[in-house]
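The structure appears right after this line, and notes come after that.
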Amino acid sequence: MKYQAVLFDLLTGLLDSWTVWNRVAGSEVAGRKWRAAYLELTYGCGAYRPYETLVAEAARSTGLSDAHALALEEGWRSIKPWDEAPAILQKLKERHQLGVVTNCSERLGRAAAAQLGVPFDVIVTSERAGFYKPRPEPYRLALAELGLDPKEVLFVAGSGFDLIGTSKVGMDTYWHNRVGLQRPPAASPPMRESRSLAGLYDFS
């Protein structure tokens, strides 16, 4: 066993939030554009601003409306786990502490984490940490609450931007690049990149 704990990006690493954004936006193209604008806002602002506010600002900047942002919030509990995620988490739970570090409000982050059906030892939202990833504060808060050093913890990224943050705090990273995103120029390469979580247990 290489690691004592595994931390996850929640909304793309474990959950298929892409489908819900696309459905609310009306198409995959519109959903991807909206999501990209939101990511630019969150990764650019650093210190926490209300998640729901940023989602609405991103909607307006891409030709959508506040009604779309509200519809996303109303459909939040329809976000489903990736097919293999619950079983992988159950298996990992037998020998690891588990947690999530997510760019989200406390209310929506905990609601999304509950969709996995597995109790997490640590749930760190950007609202609670006071900063958005890839700032180091959310990752460091999770490490402090686990009581572990960075080298004892594997991080499972859903977005390439997590690779920037995890490298700053010294955590190894498995990039679950489900939808084939491009790695940001400033991001360090992951220990492993995969379109699936299936190989995670053996890697951890």
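The values are calculated or read from the model by the stated rules, or taken from the named source; none is laboratory data. Just so you know, these numbers come straight off a predicted model, no measurement behind them. Heads up, the Cβs are rebuilt from the backbone with ideal geometry, glycines too, and the neighbour counts pull from every protein chain shown.
Only one of (1) more than 23 Å from Leu54 (Cα to Cα); (2) in contact with a strand residue (DSSP E or B) (Cβ under 6 Å, 6 or more places away or on another chain); (3) not in a loop (DSSP other than H, G, I, E, B) is not met by Val100, so which one is it?
(1)
Check off (1) at pLDDT below 95; (2) surrounded by fewer than 21 Cβ atoms within 10 Å (Cβ to Cβ); (3) part of a helix (DSSP H, G or I) for Thr53 and give me the number that stays unchecked.
Every condition holds for Thr53 apart from (1).
Looking at the stretch 25-77 only, could you name the residues that are farther than 16 Å from Pro134 by Cα and of a type in the set (Asp, Glu)?
Across the stretch 25-77, the qualifying residues are Glu28, Glu52, Glu57, Asp66, Glu73, Glu74.
Taking the condition part of a loop (DSSP other than H, G, I, E, B), touching a strand residue (DSSP E or B) at 6+ places or on another chain (Cβ under 6 Å) and among the aliphatic types (A, V, I, L, M), does Leu197 pass?
Against the criterion (part of a loop (DSSP other than H, G, I, E, B), touching a strand residue (DSSP E or B) at 6+ places or on another chain (Cβ under 6 Å) and among the aliphatic types (A, V, I, L, M)), Leu197 qualifies.
Enumerate the pairs (first residue in the stretch 17-45 and closer than 16 Å to Gly160 by Cα; second residue anywhere and among the small types (Gly, Ala, Ser) and assigned to a helix (DSSP H, G or I)) with beta-carbon separation below 6 Å, excluding pairs fewer than 6 apart on the same chain, so at least 6 apart or on different chains.
Ala37/Ala58; Ala37/Ser61; Tyr38/Ala58; Leu41/Ala58
Considering only residues that are over 25 Å from Leu197 (Cβ atoms), surrounded by fewer than 16 Cβ atoms within 10 Å (Cβ to Cβ) and out of contact with any strand residue (DSSP E or B) (no Cβ under 7 Å at 6 or more places or on another chain), which ones fall in the stretch 1-50?
Result: Gly26, Ser27, Val29, Glu40, Gly44, Cys45, Arg49, Pro50.
Confirm whether Leu89 is modelled with pLDDT of 95 or more and not in a helix (DSSP H, G or I). I'd like the intermediate steps shown before the answer.
Numbers: modelled with pLDDT of 95 or more: yes; not in a helix (DSSP H, G or I): no.
Considered against the rule, which asks whether it is modelled with pLDDT of 95 or more and not in a helix (DSSP H, G or I), Leu89 comes out as no.
Of the residues Gly75, Gly63, Gly117, which is surrounded by fewer than 20 Cβ atoms within 10 Å (Cβ to Cβ), in contact with a Pro (Cβ under 6 Å, 6 or more places away or on another chain) and of a type outside the set (D, E, K, R)?
The unique qualifying residue is Gly117.
Check Val122, Val179, Val169 and return the single one that is closer than 16 Å to Gly46 by Cβ, of a type outside the set (D, E, K, R) and surrounded by fewer than 21 Cβ atoms within 10 Å (Cβ to Cβ). Let's see the steps before the verdict.
Details: Val122 fails: closer than 16 Å to Gly46 by Cβ; Val179 fails: closer than 16 Å to Gly46 by Cβ.
When all the criteria are applied, what remains is Val169.
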